[in-house]
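One structure is given below, encoded as structure tokens.
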Amino acid sequence: MISTKPKPFRGFTGFLVRLALNNALFVSVRDAYSYAVIKLTGVCSRVIIEKDLAFRLSVPEMTECRDLAAKYGLLKGRILGINLRALDGDTNNAVVECVIKLVGDLVVAIPGGLHTLRLRQLRG
């Protein structure tokens, strides 16, 4: 949902957003635009604007990283995560194909956002 003015989620999507967020223990967004969309949708619970929660995560120990790599069979290759949240499907695919040619090994593309749910894929 991209527009110059915040607009609420409507219909069944709006219902699901209200149901989920009004029953959540914690709701945060990264910007005022997202805050406005959530509030216009009818979310009554407390919503806070803050930096991405990923910045709160601590760096894992190297042994934990090695254990996870061994568990998922990733010891011999490199892994590259690509956030394609703001790109359309054709651009997503072009970026992934280009990165596969450049990097090789295993490339995992995880597009985010409602408009890309059907495009989520695992490629290798």
Inset, instruction - Can you give me the number of residues within the stretch 10-58 that are in a helix (DSSP H, G or I), loosely packed, with under 10 Cβ neighbours inside 10 Å and among the aliphatic types (A, V, I, L, M)? - result: 1
Legend entry - Matching entry among 28, 45, 58 (being touching an Asp or Glu at 6+ places or on another chain (Cβ under 6 Å) and not charged (D, E, K, R)): 28
Inset, instruction - Kindly indicate which of 7, 76 is modelled with pLDDT of 90 or more and not in a helix (DSSP H, G or I). - result: 7
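The values are calculated or read from the model by the stated rules, or taken from the named source; none is laboratory data. Nothing here was measured: the structure is a model prediction, and the numbers come from that model. All Cβ positions, even for glycine, are placed from backbone atoms using ideal geometry, and neighbour counts span all protein chains on display.
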